[in-house]
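Written out below as structure tokens is the structure these notes cover.
The values are calculated or read from the model by the stated rules, or taken from the named source; none is laboratory data. If you're wondering where the values come from, they're calculated on a predicted model, not measured in any experiment. Backbone-built Cβ (ideal geometry, glycine too); neighbour counts: all protein chains shown.
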Amino acid sequence: MELMVALIIVIVLVAVVILVTRGFFSKARESAMDIDLHSVKTGVDAYVLQANEWPTADGSLPATGQYALIDFNASFDKDGKTMSFYPHFISSLPRHWDEKVWRIDSAALVSVDMASDKY
């Protein structure tokens, strides 16, 4: 009987540890995504102010209801110097930057076309 109680206690403790760990890592992924989103949004805003164009393939926002991919290699010349979206406007590349999931919509809202739990 005592062995049964001890076994139940161990099972409950293992279950608690698993649930806490899963929640912890999920929050860490969301936090990383939030940090990257903020960084890219800030970089896009700064880029537009200096370049007078968007860091997209054609330098403009997409049509209403559409998305355009963010071009992390976008650049423009200013006073004889080439200014690139990365590294001049964002200091580090966000996760999945090369997977064509970073996008901007017609209202200039930056998003990632990926579920937060996969980030």
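Taking M33 as meeting all but one of (1) buried (at least 16 other Cβ atoms within 10 Å of the Cβ); (2) of a type outside the set (S, T, Y); (3) assigned to a loop (DSSP other than H, G, I, E, B), write down the number of the exception.
(3)
Scan the range 74-92 and report the pairs whose first residue is in contact (Cβ under 8 Å) with a residue 12 or more places away in the chain and whose second residue is in a loop (DSSP other than H, G, I, E, B) and polar (S, T, N, Q), with Cβ atoms within less than 9 Å and a gap of 6+ or a chain change.
F76/N52; F85/N73; Y86/N73; Y86/S92
Kindly provide the set of residues from the range 98-115 that are of a type outside the set (V, I, T), buried (at least 17 other Cβ atoms within 10 Å of the Cβ) and out of contact with any Ser or Thr (no Cβ under 7 Å at 6 or more places or on another chain), ordered by number.
Listed by number, the list holds a single entry, W102.
Against the conditions (1) in contact with a helix residue (DSSP H, G or I) (Cβ under 7 Å, 6 or more places away or on another chain); (2) within 15 Å of L37 (Cα to Cα); (3) loosely packed, with under 15 Cβ neighbours inside 10 Å; (4) not acidic (D, E), where does S92 fall short? Just the number, please.
The number of the failed condition is (1).
Could you please give the count of residues in the range 48-85 that are more than 24 Å from S116 (Cβ to Cβ), part of a helix (DSSP H, G or I) and in contact with a strand residue (DSSP E or B) (Cβ under 8 Å, 6 or more places away or on another chain)?
Residues flagged as more than 24 Å from S116 (Cβ to Cβ), part of a helix (DSSP H, G or I) and in contact with a strand residue (DSSP E or B) (Cβ under 8 Å, 6 or more places away or on another chain) within the range 48-85 amount to 2.
Out of all the residues in the range 64-73, is one or more in contact with a Pro (Cβ under 7 Å, 6 or more places away or on another chain) and of a type in the set (S, T, Y)?
no
Filter the range 64-82 down to the residues that are surrounded by 16 or more Cβ atoms within 10 Å (Cβ to Cβ) and not hydroxyl-bearing (S, T, Y), then identify the one that is farthest from the chain's Cα centre (by Cα).
F76
I'm told S91 meets every condition in (1) assigned to a loop (DSSP other than H, G, I, E, B); (2) at pLDDT 95 or above; (3) not hydrophobic (A, V, I, L, M, F, W, C) except one. Can you identify the failing condition by its number?
The number of the failed condition is (2).
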